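Below is one structure, written out as structure tokens, with a few remarks after it.
The values are calculated or read from the model by the stated rules, or taken from the named source; none is laboratory data. Please read all numbers here as calculations on a predicted model, not as lab measurements. All Cβ positions, even for glycine, are placed from backbone atoms using ideal geometry, and neighbour counts span all protein chains on display. In case anyone asks, the SASA skips ligands and DNA or RNA and just uses the protein heavy atoms, side chains included. Shrake-Rupley method; radii C 1.70, N 1.55, O 1.52, S 1.80 Å.
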Amino acid sequence: MDRVLVIGDGAREHALAWGLARSGVRLYALMGHLNPGVAQLVRESGGSYRLGSPNSAAEAVKAAEEFSPDLVVVGPEEPLFAGVSDALRERGFITLGASSRVAIIEQRKDVARGLQWKYGVPGRLVYGVFADVAEAYSFAKALGSVAIKPVRQAGGKGVRVVYGEAKYLDSALDEVVARGAQEAKAQLASYGDVPQAVLVEEAVWGVEYTVQALVDGESVFAFLPVQDNPHAYELGLGPECGGMGTVSPLPFIEEGEFHTAVEAIKATAEAVRREFGVEYVGVLSGQMMLTAMGPVVIEYYSRFGDPEALNAVYLYDGDLYDLFLKAATKKLHKAERRFKAEYTVVKAIAPLGYPLDRRLAAGRVFHVDWDAVRRAGCLVFFGSAEPAEGGGYKTLGSRAVEILGAGATPEEAYERAERCAAAVKGEGLFYRSDIGSPEYMAAMKRKAEQVRAVYKWRGERGERLVWEPGKGLIRFG
């Protein structure tokens, strides 16, 4: 029986372990906290786990030397940034996870944008990088509608989008832009591995979708597109967070728009190779937006998304271990694209206080009505939660559990996810009931049709003129 070591302790890693367990492997895990779902799968497979920092290369190597896995799967982004995959490969362990050199495509938004422009990756946006908040403010005012972001990946926090069309709100917008730049820079205070700077780029409006892919240096295997919902509250309101739910596949995204994202991923992997002299081996995901300019890249992930991984793993209709091993050993060209003919809706259930106050969000006890879950036919994946004394589970400050409902139609998947979300009981918990609803799906279809009509009309009439950093006005398709 082959052995797989999973590094990480969130709902994404629980989903990866669930998919790998279905391949019949013996599971092992390195977790920062005791994820009850991962621990159960490990025990059922005959494996074991260690508690330690997933971000520590030394801890990862120690776990690998103890468990002797045939494959190591690194789930979260921070271990990739910290060089965990590099250390494992140096010790001879077959590893699915981007090296720190190429994971910079997610870690540093300025590096990602620079590579896009240098190598002509599809889906580029006009941008600027500023260490001085006043300069960032001036650039944002000149550009008009902007997205202001920390230059480093900061768990989805610190992003501020400001649309400049409402001229009668000029003074209020000035304050929002200035404060947004300050807050974005403040998000970097706890990181010592990047410059203290903010990225300002043109804001776009449309329909978001994510394409997650395995890359082995030459070949790309793309999973079905997923739509994440990064805002904490109903109807897409509130602060941005790690993601409150997902839908996949997406009937409102056309095949050509999916392939544009795949081409952007391929071009990005090639740009990384040309720029750094290192092949990209691991997961590379493009968070896209369908806009009036066509599909554009909002940002990259150097790993599976959370909760997007849940949809991808469930819908893949093949041997996940074999697929991951092919990606890690540069045999991805032999992989067969097989997916279930189903729809999935994921609901993240979070404690009050998330995402702004982790202390307030920690320590809430909840229970799961497992009989109700089984009746509804859903899957429950544990995230930032651990077993509580006296029974049940205790929140640790972030999204506690993620519920996946599947069905033959989007409506059936939504209804199942809703029933299962109600089976998680505890004080001070919330989730977004709108995600995946018939009204939600209809709204996304309308929005996609609106922007699609514009970008296709523009495509029939040629290129647009844009300002490229360092070059001035150019023609841009």
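Answer yes if at least one residue in the stretch 393-411 is without any contact (Cβ under 8 Å) to a residue 40 or more places away in the chain, out of contact with any helix residue (DSSP H, G or I) (no Cβ under 8 Å at 6 or more places or on another chain), under 22 Å from ASP9 (Cβ atoms) and open to solvent by less than 10 Å² (accessible area, probe 1.4 Å), and no otherwise. No, the conditions are met nowhere in the stretch 393-411. With respect to (1) in contact with a Ser or Thr (Cβ under 7 Å, 6 or more places away or on another chain); (2) open to solvent by 10 Å² or more (accessible area, probe 1.4 Å), the lone exception for VAL121 is condition (2). For first residues located in the stretch 28-54 and touching a residue at least 24 places away in the same chain (Cβ under 8 Å), partners that are part of a helix (DSSP H, G or I) and aromatic (Phe, Trp, Tyr) and lie 6+ apart or on another chain with Cβ distances below 6 Å form the pairs TYR28/PHE67. When the stretch 1-55 is filtered for residues that are out of contact with any Phe, Trp or Tyr (no Cβ under 8 Å at 6 or more places or on another chain) and hydroxyl-bearing (Ser, Thr, Tyr), the ones remaining, listed by number, are SER45, SER53.
Quick grid of which residues meet (1) open to solvent by 10 Å² or more (accessible area, probe 1.4 Å); (2) among the β-branched types (Val, Ile, Thr); (3) over 15 Å from the mean Cα position of the chain (by Cα):
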{"site": "LEU199", "(1), (2), (3)": "no, no, yes"}
{"site": "GLU202", "(1), (2), (3)": "yes, no, yes"}
{"site": "TYR209", "(1), (2), (3)": "no, no, no"}
{"site": "SER219", "(1), (2), (3)": "yes, no, yes"}
{"site": "PHE223", "(1), (2), (3)": "no, no, no"}
{"site": "THR246", "(1), (2), (3)": "no, yes, no"}
{"site": "ILE253", "(1), (2), (3)": "yes, yes, yes"}
{"site": "THR260", "(1), (2), (3)": "yes, yes, yes"}
{"site": "ALA269", "(1), (2), (3)": "yes, no, yes"}
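Within the stretch 283-294, the set of residues being open to solvent by less than 20 Å² (accessible area, probe 1.4 Å) and touching a helix residue (DSSP H, G or I) at 6+ places or on another chain (Cβ under 7 Å) comprises LEU284, GLY286, MET288, LEU290, THR291, GLY294. A count restricted to the stretch 125-161 and to residues that are modelled with pLDDT of 75 or more, surrounded by fewer than 19 Cβ atoms within 10 Å (Cβ to Cβ) and assigned to a loop (DSSP other than H, G, I, E, B) stands at 4.
Put simply, of HIS333, HIS367 the only residue that is in contact (Cβ under 8 Å) with a residue 40 or more places away in the chain and exposed (fewer than 13 other Cβ atoms within 10 Å of the Cβ) is HIS333. On the stretch given as the stretch 61-82, residues that are open to solvent by 10 Å² or more (accessible area, probe 1.4 Å) and assigned to a loop (DSSP other than H, G, I, E, B) total 5. Quick one: in the stretch 349-364, of everything that is buried (at least 20 other Cβ atoms within 10 Å of the Cβ) and of a type in the set (A, V, I, L, M, F, W, C), which residue is farthest from ALA406 (Cα to Cα)? Only one residue fits best here, namely ALA361.
Could you tell me whether TYR280 is over 16 Å from GLY114 (Cα atoms), surrounded by fewer than 20 Cβ atoms within 10 Å (Cβ to Cβ) and under 20 Å from the mean Cα position of the chain (by Cα)? So TYR280 fails the test. Among the conditions (1) farther than 30 Å from ILE349 by Cα; (2) assigned to a helix (DSSP H, G or I), the only one that GLU44 does not satisfy is (1).
Listed by first and then second residue, the pairs linking a residue in the stretch 216-230 that is modelled with pLDDT of 95 or more and polar (S, T, N, Q) to a residue that is part of a strand (DSSP E or B) and open to solvent by less than 20 Å² (accessible area, probe 1.4 Å), with Cβ atoms under 6 Å apart and 6 or more places separating them unless they lie on different chains, are GLN227/TYR209; GLN227/VAL247; ASN229/GLY245. Pairs are defined by a Cβ separation below 6 Å, a sequence spacing of at least 6 or placement on different chains, a first member in the stretch 119-147 that is under 23 Å from VAL272 (Cβ atoms), and a second member that is open to solvent by 60 Å² or more (accessible area, probe 1.4 Å) and aromatic (Phe, Trp, Tyr); the pairs so defined are VAL126/TRP467.
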